[in-house]
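Data block below; observations after.
The values are calculated or read from the model by the stated rules, or taken from the named source; none is laboratory data. From a predicted model like this one, the values you see are computed outputs, not experimental measurements. Note: ideal-geometry Cβ built from the backbone for every residue, glycine included; neighbour counts use all protein chains shown. The protein model used for the area step is the full one, side chains on, heavy atoms only, and it has no ligands, DNA or RNA in it. Shrake-Rupley method; radii C 1.70, N 1.55, O 1.52, S 1.80 Å.
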Amino acid sequence: MHHHHHCPTTPIDNQLAGTTDAALSGNIYAMMAMNHSMPMYFVNRIEVYNLLWENLNITEWWHYTLAIIIVFLISILNQFFIWIIRRQVKLPSIKDEEMVDLIEKDHKKKRGSKLSYLWYIVKPTVFLLQNGLSYMLMLIAMSYNVGIFLAIVVGSTVGWTLFSLRSGIVPEDCCG
């Protein structure tokens with residue numbers, strides 16, 4: 001007795017019917033884009049489909065070049081934010097506040113005291129932005145596009161070199 005199991009077909013199965021292996025290998029990336037999936041391996045192409053958003057598709061060489069430049073700059077910005085977050089700011093103690101009150105003529109100390117408290121607002125805000133950028137860069141890296149991945153890695157390295165190299169912040173401290 002022979003049983004026939006019927007498997008439901010998908011749109012990609014219908015497109016593949018009667019397609020040769022050579023034609024299939026050239027079109028699989030485009031078909032994956034149409035099927036809203038992405039490769040789970042690195043690809044070296046200018047086409048990047050659904051980058052962060054469903055309809056953000058890169059198909060032209062100049063779009064690809066622009067995307068690499070933007071991702072590179074975002075990676076540098078992310079390292080700048082990390083540098084700001086890691087900066088040590090000495091907040092005045094109560095004794096320092098009393099001293100500031102005693103020396104009312106010395107406006108510099110009062111201004112410095114107020115600015116140091118401003119870090120209670122600035123640092124969490126910058127951390128929010130940096131955290132969001134880090135996750136966005138992770139999702140961009142998951143496009144598995146070689147050029148875009150390298151733009152993230154090189155941009156992060158350039159940013160760390162510019163901002164953190166001389167400040168004593170080591171790369172291992174930046175991401176954990």
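Determine the pairs where a residue that is assigned to a helix (DSSP H, G or I), located within region 121-136, has a partner that is of a type in the set (S, T, N, Q) and surrounded by 14 or more Cβ atoms within 10 Å (Cβ to Cβ) with Cβ atoms under 7 Å apart, the partner being 6 or more residues away or on another chain.
Taking only residues 6 or more apart or on different chains, the pairs are Gln130/Asn78; Leu133/Asn78; Ser134/Asn78.
When you check Met34 against the structure, is it open to solvent by 90 Å² or more (accessible area, probe 1.4 Å), of a type in the set (A, V, I, L, M, F, W, C) and modelled with pLDDT under 85, yes or no?
Details: open to solvent by 90 Å² or more (accessible area, probe 1.4 Å): yes; of a type in the set (A, V, I, L, M, F, W, C): yes; modelled with pLDDT under 85: yes.
Spelling it out, Met34 is indeed open to solvent by 90 Å² or more (accessible area, probe 1.4 Å), of a type in the set (A, V, I, L, M, F, W, C) and modelled with pLDDT under 85.
Which residue, of Ser156, Ser75, Ser143, is modelled with pLDDT of 80 or more, in a loop (DSSP other than H, G, I, E, B) and either open to solvent by 60 Å² or more (accessible area, probe 1.4 Å) or not basic (Lys, Arg) (or both)?
Being modelled with pLDDT of 80 or more, in a loop (DSSP other than H, G, I, E, B) and either open to solvent by 60 Å² or more (accessible area, probe 1.4 Å) or not basic (Lys, Arg) (or both) holds for just one of Ser156, Ser75, Ser143, which is Ser143.
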